[in-house]
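The values are calculated or read from the model by the stated rules, or taken from the named source; none is laboratory data. Here the structure is a predicted model, which means the values were calculated and not measured. Positions of Cβ are generated from backbone atoms using ideal geometry, with glycine treated the same way; all protein chains shown enter the neighbour counts. Heads up: the accessible areas ignore ligands, DNA and RNA and are worked out on the full protein's heavy atoms, side chains in. Shrake-Rupley method; radii C 1.70, N 1.55, O 1.52, S 1.80 Å.
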Amino acid sequence: MFESSVYANRRRVLLERMAGAKGIAVFVGNADAAMNYRGNDYKFRQDSSFMYYWGIDEPWFAAVLDLETGDECLFGNDVDIDDIIWMGPQPSVASKGALIGCSRTAPLPEFDKTVLEAVAKGRRIHFLPPARYYNQMKLAQLTGIPADDVRKVGAGASEELVKAVVSMRLIKEACEIEEIDKACEIGYEMHTEARRGCKPGVLEQEIVGRMEGITLSKGWGVSFTTILSQNGETLHNHSHHQIITPGRLLVVDAGAESNTHYASDFTRTYPCSGKFTTKQREIYDIVEQANEVAYSLTKPGTSYWDVHLATARYMLEQLKALDFVRGDVDEMLHQGISGLFMPHGLGHNMGMDVHDMEDLGENYVGYGDERQRHPLLGLGNLRMARNLKPGHVVTDEPGIYFIPALIEQWKREGTDKGFVNYAKLTDYYDFGGIRLEDDVLVTEDGARRLGSRRLPIKSKDVEDIMSQE
Ligand code: GLY
Ligand code: MN
């Protein structure tokens, strides 16, 4: 938890950004989520926006901020003797309020009453799209808005509140950057463990277990379900049942969440035999340099949309030099040919959520009013396209993948407009994929890769370190 002034200040700024709005803003913290029966719950994870403004990392809290008067109240239940028997003595809700600079607290049932009274008076109830179903049902019950509409910005959730929250959470404060750096330190150790474990004969799951153990012992846990697979052409591959096999590539995309719930997200790709084949190195070096191109362009005054396009252009030029594609690179870029090789975007915002604030709506977070999403494969999946500002934290994660089903579909449907050399691609159906990802802070005059150490990334450095481990 940060100092109380951090939370009080955030709520003050939120009030300023919502100036002129009528009604109340309500924040529903997360409830316990049953794993297989009530009482046997998943490990608790607080709602990130609740955490941001109200700082309480416990289930069954809610809060109200009156947008007209500035009055605020934190709602939660004090424990009784039954709770003390099972949970031990707990600080009072009032003392928790003091930790976040909120002097008014009340029992949780008062939250329902407060919202119902505001609804009865015809006051506007502003809330964020809830990620959890329980909160969706709770908001539907209190506001009378159909449950399916509660999550829709405009129909249920408040667009003004979404925009105000996004504008604040996008720009990270110094105390948040410190926490992201900590998550990156843990991520570095996780990935080091994975690289050391990448030896022929080892089960992928064993590596996953060892690397996840590191974040569990140093932080909150993983920031998303670990992706570790020799079938790296499947972008989010969560099956870990294969044995590490010489000659293949292992994609490891994983991150840690710090104890204060800030994320890291790194990807490295390793040669399973410790040395890249010529074919693998050719593609690897393109991706590694693409990561560098993206980083060198990441600075205030440029947009991540343009950084994505410059990176895609670089990859097309290199793929052309290797005869994967033929023709004019500008035209290829325009036609979205890079999407065949990199169907995802260059990166995303990162903060308390690995894809920061994705629950509030990807376009509100990554595009705002600055531009419209493009339908092209690749560019269309770009999650962050905004003009870069100091305090933005983004991932820089170019990749090249050979996805047989996608190649076959493009060939069948002529999507490539004649630019793709399919004869060359035939030899790459069992190649897999390569992705290389760092986490980057936009600074006043450029950018900084987060974490104190960068995971080895140059093909030679990767081979050298693997030969010593
Ligand atoms: N690291 C997973 C993702 O960015 O989607
Ligand atoms: Mn990522």
- Item | Most to least packed among 125-133, 408-416 [average Cβ atoms within 10 Å] | 125-133, 408-416
- A student applying the Cα gyration tensor rule (rounded when a/c is under 1.5; otherwise prolate if a/b is larger than b/c, oblate if not) would label region 413-469 oblate
- Item | Helix axis angle, 278-297 relative to the chain longest principal axis, alpha carbon, degrees | 50
- Exposure rank, largest accessible area first [65, 333, 216; 1.4 Å]: 216, 333, 65
- Whole-angstrom gap from region 243-285 to region 118-185, using each part's C-alpha centre: 35
- Note on the structure: With a 1.4 angstrom probe the carbon and sulfur portion of accessible area for region 50-183, in percent, totals 56
- Item | Using distinct alpha-carbon pairs, which all enter the 1/r mean, Kirkwood radius of the chain in Å | 23.9
- Message: For the chain, what does the helix formula give at 222 nm: sum of -39500 (n - 2.57) over DSSP H segments with n ≥ 4, over the residue count, nearest 500 deg cm²/dmol?
- Response: -12000 deg cm²/dmol
- Message: Can you compute the charge dipole magnitude of the chain about its Cα centre, using +1 on each Lys and Arg Cβ and -1 on each Asp and Glu Cβ, nothing else charged? Give it in debye, rounded to the nearest 20.
- Response: 540
- Output the relative contact order of region 354-436, whole-number percent, from Cα pairs under 8 angstrom with separation of 6+ residues. 28
- Query: Going by alpha carbons, how many degrees (0 to 90, nearest 10) lie between the helix axis of 109-120 and the longest principal axis of the chain?
  - Reply: 90
- Item | Protection-proxy order for peptides 284-291, 336-343, 361-368, 13-20, each taking the mean of Cβ atoms within 10 Å per residue, highest first | 336-343, 284-291, 361-368, 13-20
- Would you rank 60, 86 by solvent-accessible area, highest first, keeping every protein chain in place and using a 1.4 Å probe? 86, 60
- Ordered by residue, what ³J(HN,Hα) values in Hz, to whole numbers, does region 241-254 give under the Karplus form 6.51 cos²θ - 1.76 cosθ + 1.60, where θ = phi - 60° and Gly and Pro are x? 9, 8, 8, 4, 10, x, x, 9, 10, 10, 8, 10, 10, 7
- Query: Does region 256-349 classify as rounded, prolate or oblate by the C-alpha gyration tensor (a ≥ b ≥ c root eigenvalues; a/c under 1.5 gives rounded; else a/b over b/c gives prolate, otherwise oblate)?
  - Reply: oblate
- Item | With Cα atoms, 0 to 90° folded angle of helix 404-413 axis to the chain main axis | 80
- Share of region 313-469's accessible area from carbon and sulfur, percent, 1.4 Å? 47
- Item | Percent RCO, i.e. relative contact order, over region 69-225, from Cα pairs under 8 Å lying at least 6 residues apart | 13
- Item | Global geometry of region 31-184, whether rounded, prolate or oblate, following the gyration tensor of its Cα atoms and the 1.5 cut on a/c | rounded
- What does the highest-first list of 162-172, 90-100 look like by mean Cβ count within 10 Å? 162-172, 90-100
- Query: What accessible area per residue comes out for region 173-220, rounded to a whole number of Å², with a 1.4 Å probe?
  - Reply: 41
- Message: At a threshold of 8 angstrom on Cα-Cα distance, excluding pairs fewer than six apart, so keeping six or more, what relative contact order does region 1-147 reach in percent?
- Response: 27
